[in-house]
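The values are calculated or read from the model by the stated rules, or taken from the named source; none is laboratory data. Because the structure is a prediction, the values reported are computed rather than measured. Every residue, glycine among them, receives a Cβ derived from its backbone with ideal geometry; neighbour counts consider all protein chains shown. Note: areas computed on protein heavy atoms with side chains; ligands, DNA, RNA excluded. Shrake-Rupley method; radii C 1.70, N 1.55, O 1.52, S 1.80 Å.
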Amino acid sequence: MSYTAQEIMDYCREEEVQFIRLAFCDAYGTQKNISIRPAELRRAFEQGIGFDASAVRGFANESRSDLLLFPDPSTLSVLPWRAENGSVVRMFCSICKPNGQTFECDTRSLLKKAIDEAKAEGLEFSFGSELEFYLFKRDVNDEPTTEPYDKAGYMDIAPDDKGENIRRQICLTLERMGISTESSHHEEGPGQNEIDFHYADALRAADEAMAFRSVVKTVAHENGLYADFSPKPLADKPGNGYHINLSVKNDEHHVKLPAVIAGILTYIKDMTVFLDPTEDSYRRFGINKAPKYISWSSENRSQLVRIPAAAGEYRRAELRSPDPTANPYLAFTLLIYAGLYGYKNGLYLPPVSDIDLLSADSTVTEGYEKLPQTLSEAKRFARESSFIKEHLPKRIIDIYCG
């Protein structure tokens with residue numbers, strides 16, 4: 001729901017809000033925040049709230065470390081777990097330099113720019129997130145262990161699935177924050193869980209993915225557990241994926257999905273370091289349904305892109321290579337630009353791959369291009385990519401590829 005700055009100030013006064021969290025993320029997508037009191041809200045909206053960016057990962061520049069946060073009133077959300085003595089609310093922010101220019105490492109603003117360029121072409125992108133995470137026990141000192149909360153498997157039920165109540169609490173907390181979830185279940189790994197989101201416009205979907213990770217970690221901690229979103233928490237068990245569902249329509253609501261997906265397949269190697277930014281990210285590929293080859297299908301989950309059978313507004317594509325360490329703002333930004341490239345150039349999808357590439361013979365798979373197999377290889381593709389240089393600031397590229 002869209003609110004004005006004045007409506008936010010009125011709401012905080014009427015509901016006796018005690019603290020306002022101004023949320024943003026570093027270049028890698030880790031959420032940060034500053035808390036202010038209601039008396040500072042008008043200044044936040046009109047002049048911004050300053051902070052020292054020199055210690056924020058990816059922001060450091062000792063000579064020019066002052067930046068300003070400007071809250072987006074449309075992102076107001078009550079934090080349900082902070083209601084003991086007056087409520088606490090959160091808003092996501094844009095980051096600006098003191099001269100009013102947008103900070104180049106503000107990835108949320110990069111996504112807003114991509115959305116505007118898509119709209120200029122008459123296209124609207126929507127995204128839905130499927131995020132996997134492990135629940136681990138904590139030791140007597142409240143430190144995380146690598147002992148899974150349960151030993152259940154894919155879509156098992158209680159009592160084997162001990163995460164059922166945790167997922168329910170997460171979903172209900174998100175609902176109280178105005179975020180709708182679609183489904184939840186136990187995943188293949190012991191203690192591994194997945195919660196899926198309804199489709200939303202690109203900016204809202206990225207905001208919700210950011211909020212989701214915060215809620216999961218908070219609810220897990222309240223239950224004496226640790227939520228691990230890393231791509232390969234246990235060496236011999238399935239990794240955590242971040243499956244991104246996307247759809248696109250033009251002003252006449254005609255789906256333009258095939259050309260968009262063709263554009264994404266064209267540039268997937270160039271953008272992989274931003275979708276899978278850690279060394280462990282590449283230990284997932286080719287194992288437990290995580291893709292290894294650049295391919296698409298409508299039938300199985302060994303492919304990089306899956307296009308499930310559906311028609312009209314329900315037509316979507318699922319990109320299966322990203323993991324939860326990805327910054328959703330950067331991920332959606334690059335997917336939009338790659339999709340626009342495919343759409344504007346009338347690209348066609350390569351032949352469909354309705355086979356299980358993870359178990360196929362090498363005589364079959366040798367004809368397929370592979371995703372980057374290491375972080376260093378992914379960095380090289382990004383550094384050498386004209387597509388990446390066109391759409392991301394040099395500073396972001398240096399942060400990821402240095």
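Listed values, structure above:
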| read-out | value |
| --- | --- |
| Using a Förster distance of 30 Å, the FRET efficiency for Ser87-Glu390 (Cβ separation, nearest 0.05) | 0.10 |
| Relative contact order computed over region 3-129 (Cα-Cα under 8 Å; 6+ residues apart), in percent | 24 percent |
| Normalised per residue, the volume of the convex hull around the Cα set of region 310-361 (Å³) | 150 Å³ |
| Region 336-402 - charge dipole about Cα centre, Lys and Arg +1 at Cβ, Asp and Glu -1, debye rounded to 20 | 600 debye |
| Assigned charges on the beta-carbon of Lys, Arg, Asp, Glu; region 181-332 dipole about Cα centre (debye) | 440 debye |
| Modelled FRET efficiency - R0 25 Å, Val140 with Ser214, Cβ distances, 0.05 increments | 0.45 |
| Region 1-111 - share of DSSP beta bridges that are antiparallel (%, nearest 5) | 75 percent |
| Pairs beyond 28 Å (Cα-Cα), from Lys249/Lys394; Lys32/Lys137; Lys162/Lys379 | Lys249/Lys394; Lys162/Lys379 |
| Residue-averaged 222 nm ellipticity for the chain, from DSSP H runs of 4+ at -39500 (n - 2.57), nearest 500 | -9500 deg cm²/dmol |
| Rounded, prolate or oblate (a/c below 1.5 giving rounded, otherwise prolate when a/b exceeds b/c) for region 305-402 by Cα gyration tensor | oblate |
| Antiparallel content of DSSP bridges confined to the chain, in %, to 5 | 90 percent |
| Antiparallel DSSP beta bridges within region 204-355, as percent of all bridges there, nearest 5 | 75 percent |
| Mean Cα-pair separation over length for region 292-402, i.e. relative contact order, pairs under 8 Å, 6 or more apart, % | 27 percent |
| Carbon and sulfur %, accessible surface of region 187-328 computed with the full protein complex present, 1.4 Å | 46 percent |
| Förster radius 25 Å - calculated FRET efficiency between Glu124 and Asn300 (Cβ-Cβ, nearest 0.05) | 0.30 |
| Whole-Å distance, taken between Cα centres, linking region 335-397 and region 83-146 | 25 Å |
| Asp201 accessible area, 1.4 Å probe, all protein chains in place, Å² to nearest 10 | 70 Å² |
| The chain, dipole about Cα centre (Lys/Arg Cβ +1, Asp/Glu Cβ -1), debye to the nearest 20 | 840 debye |
| In region 365-400, GluC sites (Glu not before Pro) in a DSSP loop with at most 13 other beta-carbon atoms within 10 Å | Glu366, Glu369, Glu384 |
| Length released on extending from Glu182 to Glu14, taking residue separation times 0.36 nm less the Cα-Cα span | 57.2 nm |
| Full-stretch length increase - Glu175, Thr363 - with 0.36 nm per residue and alpha-carbon distance subtracted | 62.8 nm |
| Leu347 accessible area, assembled protein chains, probe 1.4 Å, Å² | 50 Å² |
| At most 11 other Cβ within 10 Å, DSSP loop - chymotrypsin sites (Phe, Trp or Tyr not before Pro), region 292-372 | Tyr348 |
